[in-house]
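Q: Got a structure for you, written out below as structure tokens; questions coming shortly.
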Amino acid sequence: MKNTHFLIAKEEKDIRKAFLGAFIGQIDGSKAMSIKDFQEQIANAMEFPDEPARNLEELDAMLNDLQWIKEQKVIIYINHSSDWLSKEKSEEKILSVIDILDATAEDWKWMDDEEEEGLVKKELQIVFQDSPRIKNLLEEQEIPFGIFD
């Protein structure tokens, strides 16, 4: 498996068994078909302490904090990924969300424990249920992903 932040789950799996001890925020892609819906879904799944992010900048800020989550390993699992953001008219916004997830996971990876006072380093991974649409989006952005069997 590639050393990457994004994984494609070939089959519906018991993610909790696969990532024992991790915090898992599960998002139902069929209920997150627009950016607004996704922001509400991720706020619930990730247990954001504040209201859902009203824009992508706020979403980015929340994902770069995560201090309310005590586990070091954090998984965002999106099932029904063929539906995820499928009603969003702007492909640019969809790609922005993917870029935010990628950049945030990368930032967490390289954060030095002393670099950000008060922040405890997290390991963030994004797992999508397999769909050709998601693979194409990641490939178009040249974002590497691993296959999770």
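Q: Give the long-range amide H neighbours of Lys121: residues separated by 5 or more places, or on another chain, with amide H under 5 Å away, using H modelled in the peptide plane at 1.01 Å from N.
A: Distant-sequence amide H within range of Lys121: zero hits.
Q: Between Arg16 and Ser90, 0.36 nm times their residue separation minus their Cα-Cα distance comes to what? Write down the numbers at each step before the final one.
A: On the way: separation 74, 0.36 × 74 = 26.64 nm, distance 3.29 nm.
Between Arg16 and Ser90, full extension yields an extra 23.4 nm.
Q: Quick check on the chain: take the gyration tensor over C-alpha atoms, sort the square-rooted eigenvalues as a ≥ b ≥ c, and tell me if it's rounded (a/c under 1.5), prolate or oblate.
A: The shape class here is rounded.
Q: Could you pull out the pairs from Lys31/Lys89; Lys31/Lys87; Lys70/Lys121; Lys31/Lys73; Lys10/Lys93; Lys70/Lys109 whose alpha carbons sit more than 21 Å apart here?
A: With Cα atoms farther than 21 Å apart: Lys31/Lys73; Lys10/Lys93.
Q: When only C-alpha pairs under 8 Å and at least 6 residues apart count, what is the relative contact order of the chain, in percent?
A: 40 percent
Q: Could you tell me whether the stretch 41-99 comes out rounded, prolate or oblate from its Cα gyration tensor? Rule is a ≥ b ≥ c as square roots of the eigenvalues, rounded for a/c under 1.5, then prolate if a/b exceeds b/c, otherwise oblate.
A: prolate
Q: Treat every Asp and Glu Cβ in the stretch 6-148 as -1 and every Lys and Arg Cβ as +1, leave all other atoms uncharged, and give the resulting dipole magnitude about the Cα centre to the nearest 20 debye. Can you show the working numbers first?
A: Values: 17 positive and 33 negative charges, 167 e Å.
Value, rounded to 20: 800 debye.
Q: May I pose another question? On full extension of the chain, what length is gained from Thr4 through Leu56, given 0.36 nm per residue of separation minus the C-alpha to C-alpha distance?
A: Full extension from Thr4 to Leu56 adds 16.5 nm.
Q: Same structure again: Can you tell me which of Trp68, Trp108, Trp84 moves the most in a GNM of the chain? Springs connect C-alpha atoms under 10 Å apart.
A: It is Trp68.
Throughout, read-outs are computed from the coordinates displayed, never taken from laboratory work. Quantities reported herein were computed from a predicted structural model and do not represent experimental measurements. All Cβ positions, even for glycine, are placed from backbone atoms using ideal geometry, and neighbour counts span all protein chains on display.
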